[in-house]
Amino acid sequence: MKIGVIVPTTGPYAILGNSFVKAAQMALDDVGASTYQYQLVIRDSGPDPAKAAAVIQRVIREDRVNAIVGGVSLIGQVTKPFATRA
């Protein structure tokens, strides 16, 4: 199961995005033995929500993730409609 983690890992919000990535990685480590194999697909949304839409669409179409999580509210607002449609 591929999980897209879409957060700003560069720019002024990088500290928040990178902290979220670490939290997602820790959660994955905590899963342990499971029926499923999980893979995080980490993508930098950048700090501009308008530009994040292209990143989100690529994660859905090209990376073919099964789920998406985002850790910064502005990016999450852009992510929600794309994730809902996918």
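The values are calculated or read from the model by the stated rules, or taken from the named source; none is laboratory data. No experiment lies behind these values; they were computed from the predicted model shown. For neighbour counting, all protein chains shown are included, and Cβ atoms are generated from backbone atoms with ideal geometry for every residue, glycine included. Calculation scope for accessible area: heavy atoms of the full protein, side chains included, ligands and nucleic acids excluded. Shrake-Rupley method; radii C 1.70, N 1.55, O 1.52, S 1.80 Å.
Using a probe of 1.4 Å on the protein chains alone, the accessible area found for F82 is around 40 Å². Roughly how tilted is helix 14-31, in degrees to the nearest 10 and between 0 and 90, from the longest Cα axis of the chain? Here the helix axis deviates by roughly 20 degrees. Rounded to the nearest 500, the helix-only mean residue ellipticity at 222 nm of the chain stands at -16500 deg cm²/dmol, with each DSSP H run of n ≥ 4 adding -39,500 (n - 2.57).
Comparing A23, A52, A33 in a Gaussian network model of the chain where C-alpha atoms under 10 Å apart are linked, the largest mean-square fluctuation is found at A33. Listed values (1) 78; (2) 116; (3) 131 include one computed from this model; for volume of the Cα convex hull per residue in Å³ that value carries the label (1).
Only Cα pairs under 8 Å and 6+ residues apart enter the sum, and on that basis the relative contact order of the chain stands at 42 percent. In terms of accessible area, using a 1.4 Å probe and ignoring ligands and nucleic acids, D63, D30 rank largest first as D30, D63. For segment 28-45, backbone nitrogen atoms closer than 13 Å to the point 7 Å from R58 Cα along Cα-to-C-beta are found at 42-45. The listed residues I15, I60 rank as I15, I60 when sorted by accessible area, largest first, using a 1.4 Å probe.
About the centre of its Cα atoms, the chain shows a dipole size close to 300 debye [charges on the beta carbon of Lys, Arg (+1) and Asp, Glu (-1) only; nearest 20 debye].
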